[in-house]
Each structure stands twice: as structure tokens, then as C-alpha cells.
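Worksheet: one structure, shown below.
All of the numbers you see were taken from the coordinates with simple rules; none came from a lab. It should be emphasised that the depicted structure is a prediction, and the values quoted were computed from it without experimental measurement. Here the Cβ positions follow ideal geometry from the backbone for every residue, glycine too, while neighbour counts run over all protein chains shown.
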Amino acid sequence: MLAGRVVVVTGSGRGLGRAYALAVAAAGAAVVVNDVDADAADAVVAEIAAA
């Protein structure tokens, strides 16, 4: 549904932001994962890449 789109999700290291980032990635979007906690953001990027 979101193939070819880019979505920026702020606060995507945890909570709702994380859930939104994973959902839009699963729907085919390229996702910009942004969070003040770089380690949390990196973990979400790894989850998206593994899926």
C-alpha cells in the first residue's frame, strides 16, 4: 500500500513511534527512523531490516 513512499517517524525508538515505523515498513514504505536515543533507533532499524 505504501510502496514508493517515504515516511518519517519521530520518536520511533520505542512506544507508538516504534509501532508506526514497523507498520509502515511492513506496508512497503521506506522509513526514516528518528529518536533522541540512537541505540533505540538502531534497534528499530535492525528489526525493520530483518523483516
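Of all residues in the stretch 31-41, those satisfying the criterion of being loosely packed, with under 13 Cβ neighbours inside 10 Å and assigned to a helix (DSSP H, G or I) are Ala38, Asp39. Could you tell me which numbered condition Arg5 fails, if it satisfies all but one of (1) buried (at least 18 other Cβ atoms within 10 Å of the Cβ); (2) more than 11 Å from the chain's Cα centre (by Cα); (3) basic (Lys, Arg)? Single failed check for Arg5: (1). Restricting Gly13, Gly28 to those that are free of Cβ contacts under 8 Å to residues at least 40 places away in the same chain, part of a loop (DSSP other than H, G, I, E, B) and out of contact with any Gly (no Cβ under 9 Å at 6 or more places or on another chain) reduces the list to Gly13.
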